[in-house]
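J.: Shown below is the structure under consideration.
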Amino acid sequence: MTATPPLPPEALDRLHAAVRLREGGAAEEACEKLLALSATYPEDPLIAYQTGWAHDVLGREGAAVPFYERALAGAEALDVEDRHGVYLGLGSTYRILGRYEEAVTTLEAGLVAHPGDGALTVFLAMARYNTGAHHEAMSALLALLAESSTDPGVHAFRKAIAYYAEDLDLVESDG
């Protein structure tokens with residue numbers, strides 16, 4: 001795959017303006033601007049990512065997928081934070097669309113690229129739940145809870161929660 005050429009300054013300015021619109025609550029206007037940019041620069045992964053995100057914000061998950069997929073295909077050109085966002089955006093979008101296996105695959109790849117990430121772990125657990133992998137989903141959530149919770153009650157039982165996360169089906173004999 002050939003590297004995507006850098007965006008000209010004018011295109012970067014338009015991209016940043018559209019992102020500010022989305023962040024400011026003007027998602028529809030942002031989406032329109034991003035679609036225009038995407039038509040001009042269809043291979044740019046950052047524009048594709050931001051266009052997918054704008055569609056997601058508007059509840060247009062089905063329309064977001066091709067943009068996220070295009071962004072993922074060029075993810076090596078993205079910075080770490082944007083790559084993370086692509087994995088999370090595409091994986092969670094697949095999940096909400098009922099494309100559970102694709103969600104699991106995408107979110108697992110995200111965790112390979114971003115080990116230990118809490119958001120990816122949670123969305124992967126939801127996708128695993130949807131595929132019927134309840135044990136794996138619950139174990140991942142318990143491990144994350146034991147590791148990251150600041151709740152005093154959880155903190156007091158952190159070791160036990162982490163232990164059970166390893167083997168939820170463990171039953172101790174009484175003798």
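J.: Which of (1) part of a loop (DSSP other than H, G, I, E, B); (2) out of contact with any helix residue (DSSP H, G or I) (no Cβ under 7 Å at 6 or more places or on another chain); (3) modelled with pLDDT under 95 is the odd one out, the single condition HIS155 does not satisfy?
T.: (1)
J.: Return the total of residues in segment 138-152 being surrounded by 10 or more Cβ atoms within 10 Å (Cβ to Cβ) and not in a helix (DSSP H, G or I).
T.: Summing the residues that are surrounded by 10 or more Cβ atoms within 10 Å (Cβ to Cβ) and not in a helix (DSSP H, G or I) in segment 138-152 gives 2.
J.: Name, by its number, the condition in (1) in contact with a helix residue (DSSP H, G or I) (Cβ under 9 Å, 6 or more places away or on another chain); (2) over 30 Å from ARG128 (Cβ atoms); (3) not β-branched (Val, Ile, Thr) that does not hold for ALA39.
T.: Looking at each condition in turn, ALA39 falls short on (1).
J.: Looking for something more than 23 Å from THR4 (Cα to Cα) and surrounded by fewer than 19 Cβ atoms within 10 Å (Cβ to Cβ) - is there at least one such residue anywhere in segment 42-51?
T.: The answer is no; no qualifying residue exists.
Table: residues versus (1) buried (at least 16 other Cβ atoms within 10 Å of the Cβ); (2) in contact with a Gly (Cβ under 9 Å, 6 or more places away or on another chain); (3) of a type in the set (D, E, K, R).
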site	(1), (2), (3)
ALA17	no, no, no
LEU21	yes, no, no
LEU35	yes, no, no
PRO66	no, yes, no
GLU102	yes, yes, yes
THR106	yes, yes, no
ALA109	yes, yes, no
GLY116	no, no, no
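J.: Sticking with this one: Given the conditions (1) closer than 28 Å to PRO5 by Cβ; (2) crowded, with 17+ Cβ neighbours inside 10 Å, which single one is not true for ARG128?
T.: Looking at each condition in turn, ARG128 falls short on (1).
J.: So, one more: Can you report the number of residues in segment 95-128 which are basic (Lys, Arg) and over 20 Å from ALA143 (Cα atoms)?
T.: Residues flagged as basic (Lys, Arg) and over 20 Å from ALA143 (Cα atoms) within segment 95-128 amount to 2.
J.: Looking at segment 106-155, which of its residues are over 22 Å from GLU76 (Cα atoms), β-branched (Val, Ile, Thr) and without any contact (Cβ under 8 Å) to a residue 12 or more places away in the chain?
T.: THR150, VAL154 - these are the residues of segment 106-155 that are over 22 Å from GLU76 (Cα atoms), β-branched (Val, Ile, Thr) and without any contact (Cβ under 8 Å) to a residue 12 or more places away in the chain.
The values are calculated or read from the model by the stated rules, or taken from the named source; none is laboratory data. Remember, predicted model here, so these are calculated numbers, not experimental data. So basically every Cβ, Gly included, is an ideal-geometry build from the backbone, and we count neighbours across all protein chains shown.
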